[in-house]
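We did not get these values from a lab; they are worked out from the coordinates using the rules stated. If you're wondering where the values come from, they're calculated on a predicted model, not measured in any experiment. Reconstructed Cβ throughout: ideal geometry from the backbone, glycine too, with neighbour counts over all protein chains shown.
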Amino acid sequence: MHQDVRKRFTWLESRAVLEPYASNEKIMRVRLLGLCILVAGLIAMATAHATPLGLPPIPIPADNPQTAEKVRLGEKLFNDMRFSATGTVSCATCHDAARAFTDSPLPTSVGINGLTGTRNAPTVVNAAYLARQFWDGRSPDLEDQALHPFVNPIEMGLKNHDPILKIVRTDSEYKESFKTVFNKSGEQITMKEVIQAIASFERAVVSGDSPFDRWRYGGDQTAMTPAQIRGFQVFIGQGRCVSCHIVEQTQALFTDSRFHNIGIGINAIQQDVARLTSEFLKAKAQGADVDLAVLSDKKTSELGRFAVTNEFNMIGAFKTPTLRNVAVTAPYMHDGSLKTLTDVVIHYNSGGVDPKTGRANDYLSGGIRPLMLNQQQISDLVTFMEALTSPEYEKGSKAVKDKGKLSYE
Ligand code: HEC
Ligand code: HEC
């Protein structure tokens, strides 16, 4: 991009110089135009975030453009523990940069006062690409999502968002940043600006360039081992993983952003589904807080996407998570119930049945059937998933050592 701009500039300049009858004024005008293009190019370079290998362009909402300053402000907000009732929990507590933005190895997240929730913290890495946020998709975008944890009693536990506004309106560093980024101060700063900055930061937390990306999209035949290449064949072939964990011609998000019941958690409430669904629908009609209900009550949590859409075919269905960096974010699934990637593959291989009864639940996705994979295929598939780790989250990488000190620009 830099070179392009330079080339255009000199081209314009030389044209102006070569034109024999050009007046000085005209040369100046053309030079000025060239200069403008150069400056615009430099500004674009400063704000554009190069897309890593294997990922599509980052979707940026028109009303919340990325700027380096905004991303930096968002990062500070994301790490600020003062925005919790006890002053001990920030977004980063459960989405730790050094753990690929999760709280691995916790099965389910722990918020203020050691309160434990019902769900495993998904990574924030590449959440920018998701069509809906949360395991059940109950939030439409990153901006909206960021409103919830602050006021969830088992996460950050604030009664409302006022304490956050009080801090950002009075803290001198925040005052300066909000002025620079949004040109707002005092009462003009609202939660809208706070969540926009957090979302901008999250849109800068994108990672590709894994061995798989270098192998598939970077033309490096040696980036994956022979076992990993065999594992990829199982992934797209007999394992049929790719039907939900999508891989495309030029990019791979490893999710279809859709919801499926693959036989996790639901087995525990199978006998109770009729009662639970009717109780839940009644409570919801009376204005119950869905966010609180699904994160604090284990059985309600297992209703999955149903809790959002009231559709019975969505009982026990959860959003397909990305598989990027999955090797460093154990344990797995919405409830953190599977400890290793081998456990995950064994679960799929059995056709998603309840290991206790050997039976499938009533709402199991049609895409989940016994796979008949042998030991070699199982181990290859696991090894393949280990090729999905981006360099910045590789154990022993610099970013992991400098806990939380990633550079997003
Ligand atoms: C106490 C731990 C905890 C804290 C604090 C927390 N989160 Fe989360 N986060 C979770 C859990 C658990 C989920 C999944 C909840 C669900 O799906 O119902 C989640 C989900 C998300 C998602 C959705 C990702 C996806 O794949 O759908 C994003 C984005 C996110 N959190 C960002 C944030 C931000 C921003 C903050 C701070 C404002 C924050 N989180 C604070 C635990 C936490
Ligand atoms: C029908 C769609 C579908 C198919 C097919 C599928 N998955 Fe999944 N996958 C999902 C969903 C949905 C989840 C989350 C389920 C939950 O938490 O209840 C998931 C979760 C996972 C996880 C856990 C990720 C995490 O961060 O917790 C891994 C690993 C995984 N799948 C690998 C595979 C592999 C390997 C295959 C092929 C053998 C496969 N999947 C086939 C939909 C699918």
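Data for the structure
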item: Pairs of lysine residues in the stretch 68-204 - Cα separation under 18 Å, sequence separation of 8 or more or cross-chain; result: 18
item: Phi to ³J(HN,Hα) by Karplus 6.51 cos²θ - 1.76 cosθ + 1.60 over the stretch 171-180, Hz, x for Gly, Pro; result: 5, 5, 5, 4, 4, 5, 5, 5, 5, 5
item: GNM top mover of A307, A62, A288 - the chain, alpha-carbon springs below 10 Å; result: A62
item: Gaussian network model of the chain, springs between alpha carbon atoms under 10 Å - residue of G351, G231, G219 with greatest fluctuation; result: G219
item: The chain, relative contact order in percent, only Cα pairs under 8 angstrom and at least six apart counted; result: 19
item: Principal-axis tilt of helix 273-285 within the chain, Cα atoms, nearest 10 degrees; result: 50
item: Compactness of the stretch 210-389 as Cα Rg over 2.2 N^0.38 Å, two decimals; result: 1.12
item: Relative intensity, log₁₀ I(q)/I(0), of the stretch 154-224 from a Debye sum that treats every alpha carbon as a point, q = 0.16, 0.21 Å⁻¹; result: -0.65, -0.90
item: Under 5 Å, built H, 5+ apart or other chain: amide partners of Q133; result: S139, D141
item: Max mean-square fluctuation residue, GNM over the chain, Cα-Cα springs under 10 Å, options A146, A285, A121; result: A285
item: Long-range amide H partners of I315 with built H, under 5 Å; result: F306
item: Per-residue HN-Hα couplings for the stretch 336-341 [Karplus 6.51, -1.76, 1.60; θ = phi - 60°; Hz; x = Gly/Pro]; result: x, 7, 9, 6, 10, 5
item: Simple spin-label estimate for I236 and Q188 in nanometres, 7 Å along Cα-Cβ; result: 5.2
item: Cα-derived Rg over Rh, computed across the chain with Rh taken as Kirkwood radius; result: 1.05
item: Relative contact order (%) - criterion: Cα under 8 Å, at least six apart; region: the stretch 128-234; result: 19
item: Violating pairs (Cα-Cα greater than 27 angstrom) within the set K299/K356; K356/K395; K284/K356; result: K356/K395; K284/K356
item: Theoretical gain in end-to-end length, L115 to S397 [0.36 nm per residue, Cα-Cα removed]; result: 98.4 nm
